[in-house]
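The values are calculated or read from the model by the stated rules, or taken from the named source; none is laboratory data. Values in this document were obtained by computation on a predicted structure and should not be read as measured data. Here the Cβ positions follow ideal geometry from the backbone for every residue, glycine too, while neighbour counts run over all protein chains shown.
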Amino acid sequence: MASPPPIALHPQSETFRRRLGRRSVVLVGMPGSGKSSIGRRLGQRLGLDFSDADAEIEQAANMTIPEIFQTRGEAEFRKGEQKVIARLLDAGPQVIATGGGAFMNAETRGRIREKGLSIWLKADVDTLLKRVKRKTNRPLLQNPDPEGTLRNLLAAREPVYAEADLTIVSCEVPHEEVVEAIVNLLDTSLPNSEP
């Protein structure tokens with residue numbers, strides 16, 4: 001099976017990178033909102049590297065996230081997550097996909113505010129459920145009532161996600177359309193000169 005064609009650089013990708021300066025684009029939102037797949041495509045579109053914080057955590061721990069939750073607990077996972085995101089933000093401009101709970105940490109939010117531009121990928125419960133049912137790597141949702149858990153998490157997290165610099169709806173459309181919507185939003189939101 002042939003791989004999909006690479007995503008073309010946006011004609012103004014160099015201008016976007018200059019307008020971002022040293023800041024990274026940081027995607028936040030619920031599990032299933034599309035942070036990783038949209039982030040990867042957005043990085044290609046803007047000519048920026050892409051980092052998935054969850055993948056970085058797994059690599060550093062040499063364990064999957066469910067294994068980390070099971071053997072070390074959520075609190076230990078969150079400490080590692082905080083360190084990884086700080087390291088990624090210090091590395092300079094890129095697109096970063098965070099884990100669903102990362103933005104809930106006040107210190108992480110502060111670092112993102114200082115060194116990044118946060119974008120909340122907002123999705124409704126039905127969309128999220130449809131997407132997370134396809135995966136088994138969501139430890140907080142591995143229980144008898146994943147829908148109830150998801151609804152409770154969303155209710156608790158939405159007010160914090162709303163603190164993100166920008167919000168984009170991530171619904172059941174091709175991810176390329178969401179990427180284009182983000183690019184258009186960045187074009188109208190970024191300052192015209194380097195920060």
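Just a few scattered comments:
- Within the range 151-168, the residues that satisfy the criterion of being buried (at least 16 other Cβ atoms within 10 Å of the Cβ) and under 17 Å from GLY99 (Cβ atoms) are LEU153, LEU154, ARG157, VAL160, TYR161, ALA164.
Quick grid of which residues meet (1) touching a Cys at 6+ places or on another chain (Cβ under 8 Å); (2) within 19 Å of LEU190 (Cα to Cα); (3) among the hydroxyl-bearing types (Ser, Thr, Tyr):
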| site | (1), (2), (3) |
| --- | --- |
| MET30 | no, no, no |
| LEU46 | no, yes, no |
| GLU67 | no, no, no |
| GLN70 | no, no, no |
| LEU89 | no, yes, no |
| VAL95 | no, yes, no |
| THR98 | no, no, yes |
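- Test: residue in the range 11-19 that is surrounded by 15 or more Cβ atoms within 10 Å (Cβ to Cβ) and under 30 Å from ASP126 (Cα atoms): no
- GLU81 meets all of the listed conditions (1) among the charged types (D, E, K, R); (2) surrounded by fewer than 21 Cβ atoms within 10 Å (Cβ to Cβ); (3) within 30 Å of ALA155 (Cβ to Cβ); (4) touching a helix residue (DSSP H, G or I) at 6+ places or on another chain (Cβ under 7 Å) but one, namely (2).
- Only one of the numbered conditions (1) among the hydroxyl-bearing types (Ser, Thr, Tyr); (2) at pLDDT 85 or above; (3) surrounded by fewer than 19 Cβ atoms within 10 Å (Cβ to Cβ) is violated by THR108, and that is (3).
- Residue check, ALA123 at pLDDT 95 or above, surrounded by 18 or more Cβ atoms within 10 Å (Cβ to Cβ) and either within 26 Å of GLU76 (Cα to Cα) or aliphatic (A, V, I, L, M) (or both): no
- Scanning the range 77-94 for any residue that is over 16 Å from the mean Cα position of the chain (by Cα) and within 27 Å of LYS130 (Cβ to Cβ) turns up at least one such residue.
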